[in-house]
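The values are calculated or read from the model by the stated rules, or taken from the named source; none is laboratory data. Note that the coordinates shown come from a computational prediction; the quantities given were computed from them, not determined experimentally. We place every Cβ from the backbone using ideal geometry, glycine too, and count neighbours over all the protein chains shown.
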Amino acid sequence: MIKRMDEEAKASFEEMYLTYQDTLRRLAYAYDIPVDDIDDIIQDTFVSYARYDYSLKQPEEGKKILLGRILRSRCMDFHRQKKKRYCEDLNGETFAAEEYRMQLHQPGLVDVFSGKERCKAILDEVDRMPENWQKVAELKLIEGRPTSEVCDQLSISEKACYSRVSRIRKYIKSLLKREDWP
């Protein structure tokens, strides 16, 4: 619960908001938050700061770091909640990843994409994997389903699932290291 702020605290909070909101806005944009959602993320960041009753009297550098961390967390939550991710091919055409039978929302896999063309290339590469790898990649790595559900659906052991996930990750990492790969 947020405590009531006295007039001095309100003034300090408003000053902090005015000082850092532009910086946080640029940071949210850098974290690929859509422009229409940036204000909500910024507001949520400041509400979190107030809710956890962080001191308004801490050094400016401390406030800046804390607000940046809260914002980063809110941005990660935003991306986790999105069910659909979009990729853009080299011609600038946008397509839903589900057209390639997948939805990208597993943060670990999305984080490795350094460019939009890599997104399409990795989706295409998953399509070319052996069928037993492909199904594990889709269910576990891309859809983010629990291991037990993947094992039940594919009728495999947990050990087999973990082994395939490990091999798939190593394979994708090896592709990303190649200079001739997008």
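Any chance the range 66-77 includes a residue that's more than 25 Å from Leu175 (Cα to Cα), touching a Ser or Thr at 6+ places or on another chain (Cβ under 9 Å), at pLDDT below 80 and among the aliphatic types (A, V, I, L, M)? No, there is no match, as no residue in the range 66-77 is more than 25 Å from Leu175 (Cα to Cα), touching a Ser or Thr at 6+ places or on another chain (Cβ under 9 Å), at pLDDT below 80 and among the aliphatic types (A, V, I, L, M).
Restricting the range 44-82 to residues that are within 24 Å of the chain's Cα centre (by Cα) and among the aromatic types (Phe, Trp, Tyr), the residue that is nearest to Tyr31 (Cα to Cα) is Phe78. If the condition is being farther than 18 Å from Lys173 by Cβ and of a type in the set (S, T, N, Q), then the range 117-152 contributes Asn132, Thr147, Ser148. Before we move on, is Leu18 of a type outside the set (Gly, Ala, Ser), surrounded by 15 or more Cβ atoms within 10 Å (Cβ to Cβ) and assigned by TED's automatic domain parsing to the domain that holds Ile65? Taking the combined requirement at face value, the residue does not satisfy it.
The set of residues in the range 142-173 that are small (Gly, Ala, Ser) and surrounded by 11 or more Cβ atoms within 10 Å (Cβ to Cβ) comprises Gly144, Ala160, Ser163.
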